[in-house]
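The values are calculated or read from the model by the stated rules, or taken from the named source; none is laboratory data. No experiment lies behind these values; they were computed from the predicted model shown. Glycine also receives a Cβ, built like all others from the backbone with ideal geometry; neighbour counts cover every protein chain displayed. Protein only, heavy atoms only, side chains kept; ligands, DNA and RNA dropped before computing areas. Shrake-Rupley method; radii C 1.70, N 1.55, O 1.52, S 1.80 Å.
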Amino acid sequence: MRVDPEGHKARAEERKKQRCTGIDSLEDDMARIWAFLPAHLAAACSARVDAIAQQVKTPQDPRTLDQVRADVFADLLLATPDKASAVKVELYVTVSAATLMGLSEQPGELAGYGPITPGLARELAGDATWRRLLTDPATAEALEFGTSTYRPPAALRRFVWTRDRTCRFPGCTRPSHKSELDHTIPFPVGSTSADNLGAFCKRHHRVK
């Protein structure tokens, strides 16, 4: 900064344009959410989380201060004090009915993350709106939704999202519900059906 102040200023401006957020899937039902921010904003965010955590932490609270900070961070992001401006967020969880009823311990799957323990799947089911997806009792494959229109109806979109889970491009992990639906055989030669639809993120849809 002292040797090349103008160069540093230019680099800092360029780096500022790269600000972004992301999520990294970890093991054991955990994940890391991060933000790449200008230093002063990152420092301010960290200071606010710490200040609130120090306020709410009491001697009777069994949580560590780090645990309180993490809970405060989530509360700040998910709080909707002004419902008129609140943004609705949906989580897509795929889990068998047997697991929900405690008859099976097969894991569920959280879109954008991956497999989750049956216990967490049942916990999420306690406060959720569920959409039933019927499967063939012999093969366990999801049943077909047929239509002759170009744009798939809501039921068909949810079907493909649930089936594909992520973008179909090799190595891409973008959740299917944040992707576009592509006709494998172009419409109208190819039908708008589950067999002819696949989820591709915008970038890989264009590449295809």
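Name every residue in the stretch 95-139 that is closer than 26 Å to Arg168 by Cα, at pLDDT 80 or above, open to solvent by 50 Å² or more (accessible area, probe 1.4 Å) and in contact with a helix residue (DSSP H, G or I) (Cβ under 8 Å, 6 or more places away or on another chain), in order of residue number.
Gln106, Pro107
Could you list, in sequence order, the residues of the stretch 50-69 that are open to solvent by 60 Å² or more (accessible area, probe 1.4 Å) and either part of a helix (DSSP H, G or I) or touching a residue at least 60 places away in the same chain (Cβ under 8 Å) (or both)?
Those that are open to solvent by 60 Å² or more (accessible area, probe 1.4 Å) and either part of a helix (DSSP H, G or I) or touching a residue at least 60 places away in the same chain (Cβ under 8 Å) (or both): Gln54, Gln55, Val56, Asp66, Gln67, Arg69.
Pick out the one residue from Phe159, Phe200 that is closer than 30 Å to Asp24 by Cα, open to solvent by less than 50 Å² (accessible area, probe 1.4 Å) and at pLDDT 90 or above. Step through it out loud before you land on a result.
Working: Phe159 fails: at pLDDT 90 or above.
Testing whether each residue is closer than 30 Å to Asp24 by Cα, open to solvent by less than 50 Å² (accessible area, probe 1.4 Å) and at pLDDT 90 or above leaves just Phe200.
Which members of the stretch 1-27 meet the condition of being open to solvent by 100 Å² or more (accessible area, probe 1.4 Å), more than 16 Å from His40 (Cβ to Cβ), more than 19 Å from the chain's Cα centre (by Cα) and not basic (Lys, Arg)?
Correct list: Val3, Glu6.
Residue check: is Ala79 at pLDDT 90 or above and closer than 30 Å to Cys201 by Cα? So that I can check it myself, show each step before the final result.
On the way: at pLDDT 90 or above: no; closer than 30 Å to Cys201 by Cα: yes.
Judged against the criteria, Ala79 is not a match.
With the requirement that a residue be under 30 Å from Pro115 (Cβ atoms) and part of a helix (DSSP H, G or I), what does the stretch 17-49 give you? Walk me through how you get there before you give the answer.
At the first step, the residues of the stretch 17-49 found to be under 30 Å from Pro115 (Cβ atoms) are 20-36, 49.
Of everything in the stretch 17-49, just one residue is under 30 Å from Pro115 (Cβ atoms) and part of a helix (DSSP H, G or I), namely Val49.
Criterion first (touching a helix residue (DSSP H, G or I) at 6+ places or on another chain (Cβ under 7 Å) and basic (Lys, Arg)) does Lys57 satisfy it?
On the way: touching a helix residue (DSSP H, G or I) at 6+ places or on another chain (Cβ under 7 Å): yes; basic (Lys, Arg): yes.
Yes; evaluated as a whole, the condition is true for this residue.
Taking the residues in the stretch 171-191 that are hydrophobic (A, V, I, L, M, F, W, C) and in a loop (DSSP other than H, G, I, E, B) as candidates, determine which candidate is least open to solvent (accessible area, probe 1.4 Å).
Within the stretch 171-191, the subset hydrophobic (A, V, I, L, M, F, W, C) is 172, 181, 185, 187, 189.
Within this subset, residues satisfying the condition of being in a loop (DSSP other than H, G, I, E, B) are 172, 185, 187, 189.
Details: Cys172: 26, Ile185: 88, Phe187: 74, Val189: 131 Å².
Per the stated criteria, the residue is Cys172.
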